[in-house]
Amino acid sequence: MTTDIEELRQYLKIDKHRLDEELEEQPMLLFQISEAFVQAAAERDMLKESLATKDAQLGKKAREQLGKREKKVTESMVEGYVLTDSTHDAAVKAYLDAKGQADLLFALKEAFQSRGYMIRDLCSLYTANYYEQGSAKPTNNTNRATYSMGRQKRERLRNDA
């Protein structure tokens, strides 16, 4: 499965005028990004293991070839051989690319989890009539008291959740 990160990034933005649709879409979007992250992490881990295997094979080959020319083969000689081999370079590049993709998807997953909390907070604001004209901007003492009580109630609800 190929994941278009740019397309998923577009879904991070929340439209406060379609909260009902945002609430319905959020679980599916979070699952989609979580699934993509799991696959990317598996790919990363597989390539890390493949890199270790290739390095072990190159180390064995280095010991054989260097042993024919040198009386004493040191670990630094073997390491130099392994690090300068083109198959090592290709395996490292593949691993680092996969790691970058997995890290990016993990960050996106975290952002989608945060998005879920933001949708919940926006719904609380909506049910508290925050978006009605004048409800968020008190103009006299009565409105200030109503505003303060509503704010305290929202904080209690947020802390209880």
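Quick notes on this one:
- Exactly one residue out of 38, 73 is surrounded by 14 or more Cβ atoms within 10 Å (Cβ to Cβ) and among the β-branched types (Val, Ile, Thr): that is 73.
- Count of the stretch 89-132 residues, restricted to those that are farther than 15 Å from residue 46 by Cα, touching a Lys or Arg at 6+ places or on another chain (Cβ under 8 Å) and in a helix (DSSP H, G or I), is 6.
- Where a residue in the stretch 78-101 is assigned by TED's automatic domain parsing to the domain that holds residue 43 and free of Cβ contacts under 8 Å to residues at least 24 places away in the same chain and its partner, wherever it lies, is among the hydrophobic types (A, V, I, L, M, F, W, C) and in a helix (DSSP H, G or I), with Cβ under 8 Å and at least six apart: 78/62; 78/66; 81/58; 81/62; 81/66
- Residue, nearest to the chain's Cα centre (by Cα), within the stretch 14-45, restricted to residues that are within 30 Å of residue 87 (Cβ to Cβ) and touching a residue at least 24 places away in the same chain (Cβ under 8 Å): 37
- Hey, residue 49 under 30 Å from residue 32 (Cα atoms) and loosely packed, with under 12 Cβ neighbours inside 10 Å or not: yes
- For the stretch 4-13, taking the residues that are without any contact (Cβ under 8 Å) to a residue 12 or more places away in the chain and not in a helix (DSSP H, G or I), the one that is farthest from the chain's Cα centre (by Cα) is identified as 13.
The values are calculated or read from the model by the stated rules, or taken from the named source; none is laboratory data. Bear in mind the structure is a predicted one, so any value in this text is a computation, not a measurement. Glycine gets a Cβ as well: all are built from the backbone with ideal geometry, and neighbour counts include every protein chain shown.
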